[in-house]
Every structure is written in structure tokens, then in C-alpha cells.
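Since the structure comes first, as C-alpha cells, the remarks are kept for the end.
The values are calculated or read from the model by the stated rules, or taken from the named source; none is laboratory data. For clarity, every value in this text was computed on a predicted model and none was experimentally measured. Counting neighbours? That spans all protein chains shown, and the Cβs are built from the backbone with ideal geometry, glycine included.
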Amino acid sequence: MSNWQIFLSRLDSPDSMFWRAFEATILIAIFAQLLAVLLGLASALAGRSRVWSLRALSQSYVLVIRGTPVIVQIFFIYFGAALFLGFDPFPQSDSLILFSVNGSAVAGIVALGINDGAYMSEIIRSGVNAIERGQIEAATSLGMTHSLTMRRIVLPQAARVIIPPLGNEFNGMIKNTSLLAFIGVYEMFFDAETHYSQTFKPVPYFLAVAVWYLLLTTIWTFIQGYIESSLDIDYRVVQRSHPFLHRLTYAFTHQPR
Amino acid sequence: MLIRAHGRPQQGQGAHVLRAGGSSETEQGESDAPVLRAADLVKSYGENVVLRGVSLSLQRGKVTCVIGPSGSGKTTLLRCINVLENIDSGTIEINGDVIGYRRDAAGALQPLPPRQVARQRQQIGLVFQRFNLWPHMTALQNVCEAPVHVLGMRRDQAEGEAYDLLAEVGLSEKSNAYPSQLSGGQQQRVAIARALAMKPALMLFDEATSALDPENVGEVLAVMRSLAESGMTMLVVTHEMEFARHAAHHVVMMDKGSIIEEGEAAAFFASPTSARTREFLSGMLRNAR
């Protein structure tokens, strides 16, 4: 088979191993992004805390993670965690909610989640800062506590500011999953690498996997565009035309009846 | 005609919703005691001393207007009363309770934990110059947010009361509108309803009409006037001399962080004693023409 034929066959009729890798790429990206949002939220809130040590913790987290390469973080967490914890948190087989997965995939999710959490922390922080101080003072003057004000007034509005950059982070996350090949996670890049090492034909396999990444990120770009355009409208219209998105974004503000 | 989703018992005809919530029957006995007593308030930002020992007391059901040039400390005074700013020294008491601080065994003032300060703030309604409505909530949701989440009131009850308050400020038609769909005057009336929903003992107004277009000023002042007539204790920082002249019982003139003159409204405007007050009042009159 020529390079060209190999390339086309990888796009048009990939084997079942590829589809497993494809699925792993998507699931890892989603779980890692969820973890990143949670860590970012915790870090952003800690960064606004009255407690000095929490602010320091948040700042050092962001400083260290943004200041070191993601591949180093992945290696450090996969190989280093056992050393620091005294047990291996990432055994060969592990269960993650419904899926039985390789420990290296869990380590990968944790590493990518921790990495992107630092960026999410900055994104959420700027989203929270975008809320006018007067709105927070109005809540304070009515006897609302700091945490109630965050939950009811600040975060529901900050979500609007946070969602576009969050979409960009997820785009990056899809591509960063390829780095997990280096700790043995069977995702799309590892799949291409395996074929290359068996055939010594790098170009068709790596070009084909590039197209698959491009396909995923392109689909995501459309989804992101849809979400953003629905957020860009005034609140009342959002509620009418996108009931699902409205519930998603303003879940905090609307009470179940 | 606005049809409501759930049945709500109608209030008695002519029942006034705008009311002085703090003056319940239990407190009638001590109605001579001031609602607010501020003593020797000092506040500075770095080198800049904004309040230089301000003392003030508000009688129940009376309206006090604070006038004075920009930078005289009027707004800071309101913000200190609501503990949005910490004071350097002095005391603020609402119905006899020291606000923001407690006295320790030695009688010295210690700051209260934020949660307790939050509870104390429930007694003090504050209306801001820039309304500060929450844009992601409708007028009705803005008004019932604090009763539901701070007081733990049942939502249908809170909505009923919020609806009555909005009707009282003339906005029953707008209860489902978002702030961006309301004019400045309408937003400020929602903000007044929002503060009243907590049934405060005292309402503070921080230049509530200064950010409004001239045609919207009247509707907000009318709401404030009817609130005053209902017997609410009010402290009003304002540049509206007509409002001060007709609605206030008591007028306080501030300049450079101090109260330089105060008195019963009619007497204050008829014959101000201090030269600075006379100069300020004539300046305001010139601008009004």
C-alpha cells in the first residue's frame, strides 16, 4: 500500500483499536476538563478568600502549574504519585464511574485536570472580577453572606463570561490528550505511534491522526459557537429560545417549583 | 392584566405595603428611643480623613436629609452605618444594638464575625445611587431573593409580598421584566422595593436620584415621599433641595467630614445659621434655575 492509500484507509476504515483510542481521547478530554473546572473554581474562590494561607495556596498552584511543562507534570504525577503517597494510586486496572480503565488513563486525567485547573482558575477569577462591585454590595447590604452572594449573584453571571474561554480550554484539552501516549494511555496518538513503529511509515499515520484531531476540534468549534451565540442574547430571550442552555447556565438562579 | 400563576390571598383594601417594618408593636413602648444613634464616627482612607467625628441620631418614623457638597463624607457616612466600610472609631447603634462590633468584658469594641454583621444588616435597607439590581434576575426575583435566601421565607409567600411591593412602587406590570428592560427610574423603584422586602427598621438612600435622567427623578421621589408618609425612618443623602424642604423632618449639613449645621427642616431652610450653609444653599438654588 502506498502512503496515500494508508492515509485514506486510516480515515475511511480504521480498525477497532482505533475506535477504542478515539473513544478514550474524547472521554479523557471530558473528564479532565470537568476536573479542571472544579479545581479552577476551588482555586479561584480560594484566591479571593479572607484567609491568607488559602490565597497563597491558590497563587502557588497557578504559578507552579503554569510555569512548568505539561509533559513534566504528566510524568511527575504518573511516576511520582506512588513515591509521595506511599501506595500506587494508578494500578493497571482501575474503575472510573462506569468504565474500567487503565491506571495510566486515570493518571492522565488527573494530570491534565490539574494542569488546566490552573488556567481555569485565572479564567474564573477574571469572570468573577467582571461582576460590578455594586451588585455584590447590594447583596451584602441585604444581609447576604459572602458564600450566598457568590452562589446566587456572582457565579451565575460569571458563567456567561467564563464559558467562551472555557470552550477554548476544551479545544486545547482535546489536543493535549495526545501527550498521554508517553505514559502508555491508548489514545489516538498512541494508536498512530503503534502503527508507525510497525511499518516505519510515519507520514500517513501521523497525518491521518492529525485529521482526526482536526475533526474533533472542528465539531467542538461549532458546538462552542452555538453555546456562545445563545449566551450572547439578553436573558429573557435565552430563556425562551434555549431552555436547555438556560437551565445549564442559570441553574443557580432558578428554583425548582 | 397580569395573571398570576398561583392563587394568593388578596390583602385588605387600602392596606399599605410601604411600611415601617421595624416599628412593630413590641417596640412601641420605647418609641422615644432613636432608631439609629451614631456617635463620634471617624473614618479615613490612608491620609485622607473622610469623617471627623460625626454624631447623629434618627428618631423613629422621621426623615432626615443629609446635604452638603461632594466629598463632604455623606456617602461614606451611609456606607459606615451599613458596615460596607469599617469605621476607625466611634459607635453605631440600631435600636440599641451596636452594629458591626461587640463590647468585650473590658468594654472595648471588638469586630463581630461577618455572619453576625450580615444578620445586623438585615435591619438596614440601603438604596444605591446606581440601583445595583442583579441583571440576571427579573424585578420580582430581585425583590424576593433576600427574603427567600436570607430570611428563609417560603417562595410563594415571598413572591406575594414582592408583588405587593412592586405594585406599591407602581411596577406591578413590570414584575417579570429584567433590569435591562427598565428605565433608570423603574430600576431604582425596584431597588427600593428590594430593600423594603427585608422589612428594615431604617432605610438609607445614597443620592438615589443622582444617576437618573431628569424625567425619571420625579417618580422615584414620589415613592420616597410616600414611604416617608407611611412612617418609615429614613436617612436620605440628596441634592434634591425641594425633597429635603418638603419631605424631611430634620436636615443635616455636612462639609469636609463634619456636620456643620443641623436642625428642623423648615427652620433650617428659612434661616440657616452658618455662612457655609447659606453659601451652599444659594449655590444649589442658582443651579436649579
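What are the residues in the stretch B:143-188 that are among the small types (Gly, Ala, Ser) and away from chain A (no Cβ under 12 Å), if any?
Passing the criteria: B:Gly160, B:Ala162, B:Ala167, B:Gly170, B:Ser172, B:Ser175, B:Ser183, B:Gly184, B:Gly185.
Restricting attention to the stretch B:5-23, does a residue exist that is at pLDDT 60 or above, farther than 16 Å from B:Met254 by Cα and exposed (fewer than 13 other Cβ atoms within 10 Å of the Cβ)?
no
In the stretch A:180-217, how many residues are more than 16 Å from A:Trp19 (Cβ to Cβ) and not small (Gly, Ala, Ser)?
So the answer is 16.
Does the stretch A:163-182 include one or more residues that are more than 14 Å from the chain's Cα centre (by Cα), buried (at least 16 other Cβ atoms within 10 Å of the Cβ) and within 14 Å of chain B (Cβ to nearest Cβ)?
no
For the stretch A:207-222, check the following and say yes or no: at least one residue is without any contact (Cβ under 8 Å) to a residue 24 or more places away in the chain and of a type outside the set (A, V, I, L, M).
Within the stretch A:207-222, one or more residues are without any contact (Cβ under 8 Å) to a residue 24 or more places away in the chain and of a type outside the set (A, V, I, L, M).
Of B:Glu264, B:Glu242, B:Glu229, which residue is touching a His at 6+ places or on another chain (Cβ under 7 Å) and either under 30 Å from B:Ala146 (Cβ atoms) or surrounded by fewer than 14 Cβ atoms within 10 Å (Cβ to Cβ) (or both)?
Every option except B:Glu264 fails the conditions.
Does any residue of the stretch B:72-86 turn out to be assigned to a loop (DSSP other than H, G, I, E, B), within 27 Å of B:Glu279 (Cβ to Cβ) and not aliphatic (A, V, I, L, M)?
yes
Give the residue that is surrounded by the most Cβ atoms within 10 Å (Cβ to Cβ), with candidates limited to residues of the stretch B:158-198 that are in a helix (DSSP H, G or I) and in contact with a Gly (Cβ under 7 Å, 6 or more places away or on another chain).
B:Arg189
Would you please name the residue that is nearest to the other protein chains (Cβ to nearest Cβ), looking only at residues in the stretch B:95-142 that are surrounded by 22 or more Cβ atoms within 10 Å (Cβ to Cβ) and touching a residue at least 60 places away in the same chain (Cβ under 8 Å)?
So the residue we want is B:Leu126.
This table checks each residue for (1) farther than 24 Å from B:Arg121 by Cα; (2) assigned by TED's automatic domain parsing to the domain that holds B:Lys74.
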site	(1), (2)
B:Arg189	no, no
B:Gly231	no, yes
B:Leu235	no, yes
B:Glu240	yes, yes
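Which residue pairs have Cβ atoms closer than 6 Å, lie 6 or more positions apart in sequence or on different chains, and pair a first residue in the stretch A:106-131 that is free of Cβ contacts under 8 Å to residues at least 60 places away in the same chain and at positive phi with a second residue that is acidic (Asp, Glu) and surrounded by fewer than 21 Cβ atoms within 10 Å (Cβ to Cβ)?
Close Cβ pairs (under 6 Å, with a partner that is acidic (Asp, Glu) and surrounded by fewer than 21 Cβ atoms within 10 Å (Cβ to Cβ)) do not exist here.
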